[in-house]
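Report on the structure given below.
The values are calculated or read from the model by the stated rules, or taken from the named source; none is laboratory data. Quick caveat: nothing in here was measured; it's all calculated off a predicted structure. Here the Cβ is made from the backbone with ideal geometry for all residues, glycine too, and neighbour counts use every protein chain on show. Just so you know, the surface numbers come from the protein's heavy atoms only, side chains and all, with ligands and any DNA or RNA stripped out. Shrake-Rupley method; radii C 1.70, N 1.55, O 1.52, S 1.80 Å.
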Amino acid sequence: MMMSSQRLYYRKPNESDAAFIFDLVNEPDWLKYIGDRKVSNQQDAVQFINESLNAKQPLDSLGLRVCCLASNDLLGENTNKDTPIGLCGLLKREYLDSIDIGYAFIRKYRGLGYGIEAATFFKTYAFDHLNVEKLYATVLKQNKQSISLLEKLGFRFLGGLVENNIESENIMLYVSYSDV
């Protein structure tokens, strides 16, 4: 099934994405807000794709997807159709009672509306196609840009993420409920 929005299409990561994944997971904001995934070369990137990004989820429709430009989006001569610009998708995590949304974009493509477009697509997909009643998002409290995006999407702050009956001071939990 082809997944797409106005300017982007979404596909599963594959080994040919190694250079893109290497760049993304080594960006300063990824390292600061998501964490060091120990991807120090192309071979590590392939391993990360196979063992982490393509890790088994309870539904085939879950998992992070590579966000690609659907056309030559007027970003200049060096930007081509099919250029991978970020990751976005839905994940089932053991410590949450519903799925959550995750996203990250190459710095060059931030601030252009791609993050909100992709996150809106997957939020709608979660409610309309997966029929979930609520969708979570977790974010470090220092990540103001991500918090702003979540608030634009209608997510509400619930409190610190609770794991093993301990509430985090740094990881914030947001939720959005289905309108149905």
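Exactly one residue out of Ile116, Ile106 is touching a Pro at 6+ places or on another chain (Cβ under 9 Å), open to solvent by 20 Å² or more (accessible area, probe 1.4 Å) and modelled with pLDDT of 95 or more: that is Ile106.
Identify all residues within the range 1-17 that are small (Gly, Ala, Ser) and over 26 Å from Asn143 (Cα atoms); write none if there are none.
Ser4, Ser16, listed by residue number.
All conditions but one from (1) small (Gly, Ala, Ser); (2) open to solvent by 30 Å² or more (accessible area, probe 1.4 Å); (3) at pLDDT 95 or above apply to Ala137; the one that does not is (2). Applying the criterion of being open to solvent by 10 Å² or more (accessible area, probe 1.4 Å) and at pLDDT 95 or above to the residues of the range 79-91, the residue that is nearest to Ile21 (Cα to Cα) is Pro84.
When each of Leu130, Leu149, Leu173, Leu96 is tested for being touching a strand residue (DSSP E or B) at 6+ places or on another chain (Cβ under 9 Å) and part of a strand (DSSP E or B), the lone residue that passes is Leu173. Considering only residues in the range 140-177 that are hydroxyl-bearing (Ser, Thr, Tyr) and surrounded by 13 or more Cβ atoms within 10 Å (Cβ to Cβ), the one that is nearest to the chain's Cα centre (by Cα) turns out to be Ser146. Do we have any residue at all in the range 120-127 that's in contact (Cβ under 8 Å) with a residue 60 or more places away in the chain and surrounded by fewer than 14 Cβ atoms within 10 Å (Cβ to Cβ)? No: the range 120-127 contains no residue that is in contact (Cβ under 8 Å) with a residue 60 or more places away in the chain and surrounded by fewer than 14 Cβ atoms within 10 Å (Cβ to Cβ).
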